[in-house]
Each structure stands twice: as C-alpha cells, then as structure tokens.
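The values are calculated or read from the model by the stated rules, or taken from the named source; none is laboratory data. On a predicted model such as this, the values are computed, not experimentally measured, just so you know. With ideal geometry, Cβ positions are generated from the backbone for all residues, glycine too; neighbour counts draw on all protein chains shown.
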Amino acid sequence: MKKLIVPGTLILSVMISIAQGVLKPVPHGHRYDLAIQLTIALTLIWLLCQVPLDMIFKRGVLALIFVAGLGWGILNVSSIDPSSEIVGYYGTVFEAIDSGRNPYTCGTIFHRAEDGNAIYGNFNYPPAEIYPYYLAYRVAGRWDSTVLTGVMILMNGLACLILLRTFPRVGALNLAAFFPLFLAGEIKTNPSLTFLVTAILVGLIVREIKKPGRGRPYLIAIVFGIGLMTKFLVLPLMAAFYWNKFRPKEPATLAPIVQGSAIALATSALIMAPFGIMAVLKNTFFFNLILGHRSALTTFYPNVLSGPLSALGLGPVYPVAAVIVVALAVLAAPRLGLFAAMLTAAFAFLLAAPTPEPQYLPIVLYLALASRCLELAGSPAGGLSAPAHLP
C-alpha cells in the first residue's frame, strides 16, 4: 500500500490539473496548462526513478533524451521575449540599487498585472537572486534579454560541469545526453542560480557519502544557507537532507541536525541583513504563502493545491495546507534513502506551491539523475527505484 502513495499522488495531481484546465474554476486564474505540464513532467521524472538502470543508459534511450532536450532548448531560445516581465523586473531592481534604494522597500519594482499593465511594488525574490544578474549587468554595460539568457546558460553550464566531476565513472557521453535539458530547459524565468547551488550541494553530498570529511558538513550547511537565499526549492531539500539523519531511538542524531540547520540559517541571515531581514521575509516567504498578497502583484496561475482551494473560496486556508503537505513529505525522510527523501520533498513542494513552477523541473531531473548515478555505484542513498526508498 505504501508503494502506491507517490504514484497515486501524481496521478491524482494530473487529474486535478486537467480538470482545472477544462473547468477553469478560478475567476482570476490564468495559464491552467502550466499545472498540467508540471504534473505530467513530475510523473515522467518519477518513472525515470523506477525503470531499470540499464534501460536509462542504453544508447537509444540516451539519444532520444538528447534529441528531445535539444529540440526543447532550441524552441526555448527561439521564443525568448525581449520585453518579458523578468527583464523589466530586474531592470528596475538595478535602478533601485544604483540609486541607493532598498529593492525590498522602495515600491518601484516593475511587475505585470493580470491585464498586462505595469504595476509597481517590491522585489520578491531572496537576495542571492540579485547578485549574478547585477554582476552581468555591470560587466555587459547594459541589461536586456540577451544578457539575462547568457548568464543563465553560463550558470546552467557550470552545473553540468559539476555533474561530470561528481560522477566521472558514469561516463561523459551518458551524462551529456541530459545537458540540452539542463542548459536550456528553462531560460525564460530565472532558476539558474538555484540550479547551480543545487549542483554544488549534490557534489558535496556525494563526496561526503563516499568519503566523509571533518569540514565538509559545515561547508554543506553554508551552501544550504546560500541556497535558501536563491529560490524556495532549496528549503524542502535542506529540510529533507537534515531530517533524513534523525533516528528516534538515537537522540544524539539531533545534534548534527540542529548544528547544520543553525549554520545554514545564520548564513541566510547574513545575506538578508543588508536589506533588512524582516523586509526580505515579508516580500519573499510570506508574500508567496498568502495568495491574496501574491495575486495583487502577479498573475495567478492555479496549482494542484492552490487552485481548488481558491475555487472553493478557501484561499486563506492555503498557507496552512501547503505547509502541512510539505511537512508530511519531510517527516518521511528518515524512512527513505537520502536522495529519495530530497526528491519526495521536492515533489511535495512543487505540487503545494502557490503557482505551478515548471522552471524547477530541470533541477528535479538533475536530482533524479544523481540518485540513479548513486544507485549505479551501489549506494543506499540513491533514488526511488528500490522499494525500501518509497514512503
């Protein structure tokens, strides 16, 4: 019965997203297709974690993955909108910084309302999401979609190089089949810094699994702290990573959990401090949890959980429901393999997020591929294919 929880949840999520797309039950809802894309893609990634390892690394399968990724990447690059919201959004962030204003309190950051008109508010990404794009803007001497795309592809490429260094025995050609999906699978939004930080974390965690080091747990905690200041996918990954260490009959296992979490949160606090910790939290974490605040500035795209609750007039219940869904996935971590726990938390987060976030799919695919590479090496920390790893 427990083996059916993950596939059953995914099938139900696909059905809910399709029903929403047909019925369009939320008066201010748009782009119902995004939830359909997300749930189907998550189901395919789950299947990748289920199929026999020798099937994944067959030449024909790898060729199909490469061609599909290449086609998708070309489509993404060829359909970039030079006047997209994110270009104007960051442009006003840079203007605020250059004029000495705090982007979390200035009220001059560009957003695009549901009717397409401009609306101005505060920056609502965590602070680390400023630095690579601001650096690119300063180096290039201008800001446009070309600079934005270039810096994202650069960060995605670094993540691919880290994957090669993390799993050298898997073979460069085997891993390179996934590179088109990683390089250009999502370049219309800005998940690339989260992708790069996740890749660094995977590399550090795999090295720690293979050969524990005295200083590496501290480094992992610091990188998690930086990751929390990218996009919110890192939050459930970190929670699952640390809670996976907990053993109810061994109270001593709480010590590294508390220590690592404290270091990560302290690192995040240091990054938030120049902008005001409460100002950052108000415009990022709480902004995304409260649907009414979020939809006031950005277009609302109904997700698997937020859509039905909004349609039923239960939007105020959403924050509690979302936290419970992700918390239940995290609490299952001690009974799973490490990467299985992180994947489970990521799946729950994406299904419970206020809006569907296909931008994170390359990152989840990266985690799934890493878990299968670990299985190939015979590590119990690998993916979801072994029954013991299922919730």
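Considering the stretch 57-75 alone, what residues qualify as being of a type outside the set (A, V, I, L, M) and crowded, with 17+ Cβ neighbours inside 10 Å? Give the derivation first.
From the stretch 57-75, those of a type outside the set (A, V, I, L, M) are 57-60, 66, 69, 71-73; that's our starting set.
Scanning the stretch 57-75 gives Phe57, Phe66, Gly69, Gly73.
Between a first residue in the stretch 209-230 that is under 15 Å from Leu196 (Cα atoms) and a second residue that is not in a helix (DSSP H, G or I), which pairs have beta carbons less than 6 Å apart while being 6 or more apart in sequence or on different chains?
Final answer for the pair search is Met229/Pro126.
Among the residues of the stretch 129-144, what is the count of those that are of a type in the set (Gly, Ala, Ser) and under 12 Å from Asn190 (Cβ atoms)? Don't jump to the end; show me each part of the working.
First, the residues of the stretch 129-144 that are of a type in the set (Gly, Ala, Ser): 136, 140-141.
Filter again for under 12 Å from Asn190 (Cβ atoms), leaving 136.
Number of matching residues: 1.
Considering the stretch 132-154 alone, what residues qualify as being in contact (Cβ under 8 Å) with a residue 24 or more places away in the chain, closer than 23 Å to Met272 by Cα and surrounded by fewer than 18 Cβ atoms within 10 Å (Cβ to Cβ)?
Residue satisfying the conditions is Tyr134 alone.
May I ask you to verify whether Tyr218 is over 19 Å from the mean Cα position of the chain (by Cα), at pLDDT 95 or above, assigned to a helix (DSSP H, G or I) and of a type in the set (Ser, Thr, Tyr)? Step through it out loud before you land on a result.
Values: over 19 Å from the mean Cα position of the chain (by Cα): yes; at pLDDT 95 or above: yes; assigned to a helix (DSSP H, G or I): yes; of a type in the set (Ser, Thr, Tyr): yes.
Yes, satisfied.
Taking interchain pairs and intrachain pairs at least six residues apart, which have beta carbon atoms under 6 angstrom, with the first residue in the stretch 11-33 and part of a loop (DSSP other than H, G, I, E, B) and the second of a type in the set (Val, Ile, Thr)?
Every condition considered, the pairs that remain are His30/Thr299.
Determine if the stretch 172-193 includes at least one residue that is under 22 Å from the mean Cα position of the chain (by Cα), under 30 Å from Phe110 (Cα atoms) and among the β-branched types (Val, Ile, Thr).
yes
Any residue that is closer than 19 Å to Leu181 by Cβ and not in a helix (DSSP H, G or I) - is there at least one of those in the stretch 84-92?
So the first thing to find is which residues in the stretch 84-92 are closer than 19 Å to Leu181 by Cβ, and the list is none.
The answer is no, given that none of the residues of the stretch 84-92 is closer than 19 Å to Leu181 by Cβ and not in a helix (DSSP H, G or I).
Going through the stretch 87-120 one residue at a time, which ones are closer than 25 Å to Ala273 by Cα, surrounded by fewer than 18 Cβ atoms within 10 Å (Cβ to Cβ) and either in contact with a Leu (Cβ under 8 Å, 6 or more places away or on another chain) or of a type in the set (Asp, Glu) (or both)?
Answer for the stretch 87-120, where residues must be closer than 25 Å to Ala273 by Cα, surrounded by fewer than 18 Cβ atoms within 10 Å (Cβ to Cβ) and either in contact with a Leu (Cβ under 8 Å, 6 or more places away or on another chain) or of a type in the set (Asp, Glu) (or both): Glu95, Asp98.
Go through (1) β-branched (Val, Ile, Thr); (2) within 30 Å of Leu12 (Cβ to Cβ); (3) under 22 Å from the mean Cα position of the chain (by Cα) for Ile226 and report which single condition fails.
(2) is the only condition that Ile226 fails.
Take the residues in the stretch 115-128 that are part of a loop (DSSP other than H, G, I, E, B) and either within 24 Å of the chain's Cα centre (by Cα) or among the hydroxyl-bearing types (Ser, Thr, Tyr) (or both), then tell me which one is farthest from Asn190 (Cα to Cα).
Asn122
Could you pull out the residue among Ser268, Ser261 that is within 22 Å of Phe339 (Cβ to Cβ), touching a residue at least 40 places away in the same chain (Cβ under 8 Å), of a type in the set (S, T, N, Q) and surrounded by 14 or more Cβ atoms within 10 Å (Cβ to Cβ)? Before the answer, list the steps.
Working: Ser268 fails: within 22 Å of Phe339 (Cβ to Cβ).
It is Ser261.
Condition first: assigned to a helix (DSSP H, G or I) and either in contact with an Asp or Glu (Cβ under 8 Å, 6 or more places away or on another chain) or without any contact (Cβ under 8 Å) to a residue 60 or more places away in the chain (or both). Now tell me which residues in the stretch 155-191 satisfy that. Full working, then the answer.
We begin by selecting, within the stretch 155-191, every residue assigned to a helix (DSSP H, G or I); these are 155-166, 168-170, 172-176, 179-184.
Answer for the stretch 155-191, where residues must be assigned to a helix (DSSP H, G or I) and either in contact with an Asp or Glu (Cβ under 8 Å, 6 or more places away or on another chain) or without any contact (Cβ under 8 Å) to a residue 60 or more places away in the chain (or both): Met155, Gly157, Leu158, Cys160, Leu161, Ile162, Leu164, Arg165, Pro168, Ala172.
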